[in-house]
Amino acid sequence: MAVWDDPDVDLLYEINGVAESAPGWADRAMGFVGEYGVIAGLVLLGLLAWWRVARRRETREEAVSAFAGLMWTPLAAGIALLVNIPIREFVERPRPFLEHKGLEVLVQGKDDYSFVSDHSTLAMALAVGIFMVHRRYGLLGIVLAVLAGFSRVYMGVHYPTDVVGGLALGAAMTLLLAPGASWALTPLARSLAGSPRAGALVWVGPGRRAEDVTSALREEPVEQPAEAPSVEGPTGGSGAAEPARRCHGGPDDSDLAA
């Protein structure tokens with residue numbers, strides 16, 4: 001067991017040793033980035049992917065698929081964190097600063113188990129979810145997730161293998177459960193896309209305007225030609241019946257003949 005632990009510990013000391021020799025402002029910046037900055041950046045990246053890319057797809061179905069993928073992203077992150085709870089309890093690996101002396105710990109209050117890293121799990125789950133919707137934004141997100149993992153070792157609160165395990169867990173949960181999530185979330189996204197009020201949250205692409213015009217034309221009532229009014233005679237009947245009676249002779253003519 002010690003043979004496998006040695007490379008992990010050696011790499012921990014090498015990365016954390018940079019924090020010991022770095023100026024104070026650099027350590028504070030890395031501490032903020034590792035604790036809050038990367039996650040906030042990934043959330044902002046997901047919002048940009050939705051606002052600038054997913055909503056502007058060419059067709060409704062493309063936009064619906066992208067929106068369902070973005071809905072799945074935070075759900076996948078939450079599921080990955082829940083899965084990590086029993087893993088931590090099963091492995092029961094203490095934090096590195098509790099077992100190894102001389103580490104520069106930049107964040108206090110970390111007294112739970114170390115394997116696997118929650119921050120790395122959360123960051124990679126979000127990054128892979130964004131990647132499934134938009135490659136360029138997703139690659140940037142994966143870089144941020146790796147930075148989150150590096151920062152956890154730099155801060156002295158995780159072993160490198162904790163980070164690798166977290167990155168793998170986050171990616172696995174997002175990818176393996178994506179088909180089922182797509183099956184469940186796509187109908188909801190499609191329903192939102194068809195809503196007059198919430199539809200713009202899902203799709204505002206050029207095809208939507210064309211569909212709106214087509215729907216408006218279909219709903220516009222067609223004017224029917226007006227019928228010619230009939231002219232009534234003095235007795236309430238039609239005006240055409242009176243000449244006919246006169247041609248065939250009415251009761252007055254018979255009386256005169258008699």
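The values are calculated or read from the model by the stated rules, or taken from the named source; none is laboratory data. Quantities reported herein were computed from a predicted structural model and do not represent experimental measurements. Backbone-built Cβ (ideal geometry, glycine too); neighbour counts: all protein chains shown. Ligands, DNA and RNA are stripped out before the accessible areas are found, and what is left, the full protein with its side chains, is counted by its heavy atoms. Shrake-Rupley method; radii C 1.70, N 1.55, O 1.52, S 1.80 Å.
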| query | Only one residue in V128, V133 is surrounded by 23 or more Cβ atoms within 10 Å (Cβ to Cβ) and under 17 Å from the mean Cα position of the chain (by Cα). Which one? | reply | V128
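Residues are listed down the side, and each one gets a yes or a no for (1) modelled with pLDDT under 95; (2) open to solvent by 40 Å² or more (accessible area, probe 1.4 Å); (3) of a type in the set (S, T, Y); (4) in a helix (DSSP H, G or I):
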site	(1), (2), (3), (4)
L70	yes, no, no, yes
I79	no, yes, no, yes
R93	yes, yes, no, no
G109	yes, yes, no, no
| message | Tally up the residues in the range 5-25 that are touching a helix residue (DSSP H, G or I) at 6+ places or on another chain (Cβ under 8 Å) and either closer than 21 Å to A123 by Cβ or open to solvent by 30 Å² or more (accessible area, probe 1.4 Å) (or both), please. | response | 7
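Determine which member of the set F32, F97 is in contact (Cβ under 8 Å) with a residue 12 or more places away in the chain, part of a helix (DSSP H, G or I) and surrounded by 14 or more Cβ atoms within 10 Å (Cβ to Cβ).
F97
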| query | Is it true that V64 is assigned to a helix (DSSP H, G or I), β-branched (V, I, T) and under 11 Å from the mean Cα position of the chain (by Cα)? | reply | yes
| message | Suppose the filter is over 17 Å from P160 (Cβ atoms), at pLDDT below 95 and crowded, with 17+ Cβ neighbours inside 10 Å; does R52 pass it? | response | no
